[in-house]
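**Student:** This is the structure I have questions about; it appears just below.
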Amino acid sequence: MRPESGPVLMCRSRPRTDLQILPKRIESIGSPVRKTLTARVFRRTTPAPDVSILTLRFPIGVRAKFKAGQYLKVLMPDGDSRNFSMANPPHQNDGVELHIRHVPGGLFSEQMLPGLAAGSRLRVELPFGDFYLRSASELPVVLLASGTGFAPIKSIVENAIRQGSTRPMSLYWGARTGDDIYLHDLPAKWQGKFPWFSFIPVLSEAASDWSGRTGLVHRSVLEDFTDLSCVEVYACGNPLMIAAAQGQFSEGADYRKTASIQMPSLIPVRHNRLTKTAYRND
């Protein structure tokens, strides 16, 4: 394993073999200060037929610190929980914005969410996860999202804007149809305003009048970057997309140059979801 190049960070990963860890340095993160709060529903919108954006507010005077890209747990009445990434940047810490895909039969998205109105209350615990931008590096960033995997990416980009960053970022947002890019105008606005940011939407089932990229979103990354050793990749979204990206990113010789942190495939991976079974967002 060679540590000279940039990492690929996936929001879901599972080692398949023993692995060797060779970090350039050990980053001191410290124990997160988690809070369990009763949040109030401020607003619920539906930017797409199968996506809701739920805005929650904390009690007056209460703030909750988190890093851009982290997630929270919604505590269910039966003692279970559902996890959702915060889509708002950390400086907006008097509440949270959650992007929720409607999952057929989902305990939260189908059974609880429709009954939530302004003023409804939810118990949440935050923050969790280590899917956040590593500030120690100055390498260009590739942001790979599918569906509501855009939520933590939105937090990361808006935080970069807030901090006055000029670090190059390229967002590849994959979906089936144009309607599934449910906040298309937002990253398009970022692209028009900030020269360091580019937005590449990719549709797998594009309409005949679509003039943009088509196919699988991770393949578009491979077409544009023949050598991932010169960038950092942060990926979040559908587990099938994440698995395909991990597999195909690790197949190319150029990607084997990447120093491994958590993956036997020589792709360094960090995830904002502890395990597949521990992270449920239905």
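The values are calculated or read from the model by the stated rules, or taken from the named source; none is laboratory data. Since this is a predicted model, take the numbers as computed values, not measurements. Every residue, glycine as well, gets a Cβ built from its backbone with ideal geometry; the counts of neighbours run over all protein chains shown.
**Student:** Please specify each residue of the range 45-76 satisfying the condition of being more than 18 Å from Val33 (Cβ to Cβ), touching a strand residue (DSSP E or B) at 6+ places or on another chain (Cβ under 9 Å) and assigned to a loop (DSSP other than H, G, I, E, B).
**Tutor:** Selection gives Asp50, Met76.
**Student:** Regarding Val202, is this residue in contact (Cβ under 8 Å) with a residue 40 or more places away in the chain and either under 17 Å from Glu232 (Cβ atoms) or of a type in the set (A, V, I, L, M) (or both)? First the steps, then the outcome.
**Tutor:** Values: in contact (Cβ under 8 Å) with a residue 40 or more places away in the chain: no; either under 17 Å from Glu232 (Cβ atoms) or of a type in the set (A, V, I, L, M) (or both): yes.
No, not satisfied.
**Student:** Based on what the data block shows, is Thr177 at pLDDT 95 or above, farther than 23 Å from Arg63 by Cα, among the β-branched types (Val, Ile, Thr) and loosely packed, with under 14 Cβ neighbours inside 10 Å? Write out each step before concluding.
**Tutor:** Details: at pLDDT 95 or above: yes; farther than 23 Å from Arg63 by Cα: yes; among the β-branched types (Val, Ile, Thr): yes; loosely packed, with under 14 Cβ neighbours inside 10 Å: yes.
Answer is yes for this residue.
**Student:** Which numbered condition in (1) outside any strand (DSSP E or B); (2) touching a residue at least 24 places away in the same chain (Cβ under 8 Å) is the only one that Phe84 fails?
**Tutor:** Single failed check for Phe84: (1).
**Student:** Of (1) under 20 Å from the mean Cα position of the chain (by Cα); (2) outside the structural domain of Ile181 (by TED's automatic domain parsing); (3) not in a strand (DSSP E or B), Ser135 satisfies all except one. Which?
**Tutor:** Against the list (1) under 20 Å from the mean Cα position of the chain (by Cα); (2) outside the structural domain of Ile181 (by TED's automatic domain parsing); (3) not in a strand (DSSP E or B), Ser135 comes up short only on (2).
**Student:** Take Asp130 and tell me if it is closer than 15 Å to Pro152 by Cα, among the acidic types (Asp, Glu) and either touching an Asp or Glu at 6+ places or on another chain (Cβ under 7 Å) or surrounded by fewer than 21 Cβ atoms within 10 Å (Cβ to Cβ) (or both).
**Tutor:** On the way: closer than 15 Å to Pro152 by Cα: yes; among the acidic types (Asp, Glu): yes; either touching an Asp or Glu at 6+ places or on another chain (Cβ under 7 Å) or surrounded by fewer than 21 Cβ atoms within 10 Å (Cβ to Cβ) (or both): yes.
Against the criterion (closer than 15 Å to Pro152 by Cα, among the acidic types (Asp, Glu) and either touching an Asp or Glu at 6+ places or on another chain (Cβ under 7 Å) or surrounded by fewer than 21 Cβ atoms within 10 Å (Cβ to Cβ) (or both)), Asp130 qualifies.
**Student:** Quick one: how many residues across the range 185-199 are more than 19 Å from Leu139 (Cα to Cα), touching a residue at least 12 places away in the same chain (Cβ under 8 Å) and touching a Phe, Trp or Tyr at 6+ places or on another chain (Cβ under 8 Å)?
**Tutor:** Of the residues in that region, 2 qualify.
**Student:** Of everything in the range 1-39 that's among the basic types (Lys, Arg) and crowded, with 16+ Cβ neighbours inside 10 Å, which residue is modelled with the highest pLDDT? Steps first, please.
**Tutor:** So the first thing to find is which residues in the range 1-39 are among the basic types (Lys, Arg), and the list is 2, 12, 14, 16, 24-25, 34-35.
Right, trim to crowded, with 16+ Cβ neighbours inside 10 Å and you get 12, 35.
Numbers: Arg12: 62, Lys35: 96.
Applying the filter and picking the extreme gives Lys35.
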